[in-house]
Structure formats: structure tokens, C-alpha cells
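*Asks:* Right, I'll just put the structure down here and ask away after.
The values are calculated or read from the model by the stated rules, or taken from the named source; none is laboratory data. Note that the coordinates shown come from a computational prediction; the quantities given were computed from them, not determined experimentally. Here the Cβ positions follow ideal geometry from the backbone for every residue, glycine too, while neighbour counts run over all protein chains shown.
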Amino acid sequence: MKMSRLTLCLFLSVMVGSLCFASCGNSPKEKVAAPELTADNPDIDFDSFLAKFTSSAAFQYSRIKFPLKSAIVLSTADGLSEKSFPFTKDKWPLLDGEDLKEARVEQEGGGILVSKFVVKTNNHVEFESGYEESEIDLRVVFDLIEGKWYATDCITGWYSYNLTVNELPQTVKQVQEDNRNFIQDNP
């Protein structure tokens, strides 16, 4: 049987299309491997991000949305009023793995220090630490923004309401000194 050139072209087009469809669309789907944790991908999950956040000062600074949502509120020297300061990079106390580790520790004096993640969802995490039945000494909030984790808020005992406006410069100086030590050990 003789085929016309047009019929032969149509036949070949249908056969090639069928082969492509069979090999591309109907074959079992390949499993897509989960993203690999690399230095370039610390956001694969929150725990991986946190490990990098607490072990590298440069990374930590790059993953904080300054100024933080909560301002630092201090009392005036006379104790009759208060003043707010933006929580900026120069006031940030670098956090290590121990600062953000879940624990329940009984102290010698009878107090119990509790550190835990109080909220942990796919895109929002809150960590709190402080003595049981007392005020929180550290609260850090993390949010997933455009596929990357960032610290977006913090309340820390470094800047408690008991600190006065006049004591702020000395406290910031102490935080920066502690940060220099952290940076030396964890660039």
C-alpha cells in the first residue's frame, strides 16, 4: 500500500507525539528529593535555620528585621515616666544555641528556669525563657518571610523596665562587648 507524502508525515507526527506522550506524561513520576541542607539553604526547616542562626554572627545579623516590632521601653531617672527606643542592630545581644534551647532547670535557690518554644507553626515560631511564675526574661519571635526565617521581635532582660534611660548607654556597651566575644568564636 502506497501512502501519500502528506499521509506519511501525519502518521509520523502522530507516532512521534505518542512516543513523547508515553515517555513523558505516562511514565511513573520520579520522586523529587527533598531539598538538601547546604550553607546556601539553611531555611529547609526551622531547626536547620536555628542551628545556623545561633552559630554565625554574620548570618544572625542578616536574619533580623531591624528595627524589631517591640521598642525598648525604659523608665526615666525619676521613675515617673518612660521613654521608648527602637530595638536596632547596635542593641541586639547575639544569641547562641544555649540561649534558645528548651530546658527546665531547677536552680539552687529554688527557682525553676523554663525555656521553651511556646508557638511553633510552619511560618511562625515564638521562644520564651524565664523563671516559672515570673516575668519572661527572653522572648524571641521568628517569622518565615518569602521563604526565609527572620527574627522579627524580641524582648530581653538586657533591656528590662528596671533599667533606666541613664543606664542604657552602659548596657549597650556591655551587649556590644559580649557580641565581640561571640563574633570572635562564631564569625
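*Asks:* Can you tell me which of Glu133, Glu108 is at negative phi and either touching a helix residue (DSSP H, G or I) at 6+ places or on another chain (Cβ under 9 Å) or free of Cβ contacts under 8 Å to residues at least 24 places away in the same chain (or both)?
*Replies:* The conditions single out Glu108.
*Asks:* Same structure again: For the structure I just gave you, tell me whether Asp90 is of a type in the set (Asp, Glu), within 23 Å of Asn162 (Cβ to Cβ), touching a helix residue (DSSP H, G or I) at 6+ places or on another chain (Cβ under 8 Å) and touching a residue at least 12 places away in the same chain (Cβ under 8 Å).
*Replies:* yes
*Asks:* Can I ask one more? Taking the range 142-152 as the search range and keeping residues that are on the phi < 0 side of the Ramachandran plot and more than 8 Å from the chain's Cα centre (by Cα), which one is surrounded by the fewest Cβ atoms within 10 Å (Cβ to Cβ)?
*Replies:* Filtering first and then ranking leaves Ile145.
*Asks:* I'd like to check something: does the range 156-169 contain any residue that is modelled with pLDDT of 95 or more, closer than 19 Å to Lys65 by Cβ, touching a helix residue (DSSP H, G or I) at 6+ places or on another chain (Cβ under 8 Å) and assigned to a strand (DSSP E or B)?
*Replies:* no
*Asks:* Another question, if that's okay. Could you tell me whether Ile155 is farther than 20 Å from Ile44 by Cα and touching a strand residue (DSSP E or B) at 6+ places or on another chain (Cβ under 8 Å)?
*Replies:* yes
*Asks:* When residues of the range 59-72 are filtered for being loosely packed, with under 15 Cβ neighbours inside 10 Å, in contact (Cβ under 8 Å) with a residue 60 or more places away in the chain and within 12 Å of the chain's Cα centre (by Cα), how many remain?
*Replies:* 1
*Asks:* Return the pairs, sorted by first residue and then second, in which the second residue is surrounded by 15 or more Cβ atoms within 10 Å (Cβ to Cβ) and assigned to a helix (DSSP H, G or I), the first residue lies in the range 161-187 and is touching a residue at least 40 places away in the same chain (Cβ under 8 Å), the beta carbons are less than 7 Å apart, and the residues are 6+ apart or on different chains.
*Replies:* Here the result reads Leu163/Thr171; Val172/Lys91; Val175/Lys91; Val175/Trp158; Phe182/Ala57; Ile183/Ala57; Asn186/Ala57; Pro187/Ala57, each pair linking the range 161-187 to a residue that is surrounded by 15 or more Cβ atoms within 10 Å (Cβ to Cβ) and assigned to a helix (DSSP H, G or I).
*Asks:* Then there's this: Checking Trp92 against (1) surrounded by 13 or more Cβ atoms within 10 Å (Cβ to Cβ); (2) closer than 17 Å to Ala51 by Cα, which single condition isn't satisfied?
*Replies:* With (1) surrounded by 13 or more Cβ atoms within 10 Å (Cβ to Cβ); (2) closer than 17 Å to Ala51 by Cα applied to Trp92, the lone miss is (2).
*Asks:* Quickly run through the range 125-141 and pick out the residues that are surrounded by fewer than 18 Cβ atoms within 10 Å (Cβ to Cβ) and among the aromatic types (Phe, Trp, Tyr).
*Replies:* Listed by number, the list holds a single entry, Tyr131.
*Asks:* To continue, here is another question. Considering each of Ile155, Ile183 in turn, give the residue that is surrounded by 17 or more Cβ atoms within 10 Å (Cβ to Cβ) and β-branched (Val, Ile, Thr). First the steps, then the outcome.
*Replies:* On the way: Ile183 fails: surrounded by 17 or more Cβ atoms within 10 Å (Cβ to Cβ).
Being surrounded by 17 or more Cβ atoms within 10 Å (Cβ to Cβ) and β-branched (Val, Ile, Thr) holds for just one of Ile155, Ile183, which is Ile155.
*Asks:* Any idea which of Ser115, Ser56, Ser75, Ser81 is surrounded by 15 or more Cβ atoms within 10 Å (Cβ to Cβ) and either acidic (Asp, Glu) or free of Cβ contacts under 8 Å to residues at least 60 places away in the same chain (or both)?
*Replies:* Step by step, each of Ser115, Ser56, Ser75, Ser81 is checked, and only Ser115 is surrounded by 15 or more Cβ atoms within 10 Å (Cβ to Cβ) and either acidic (Asp, Glu) or free of Cβ contacts under 8 Å to residues at least 60 places away in the same chain (or both).
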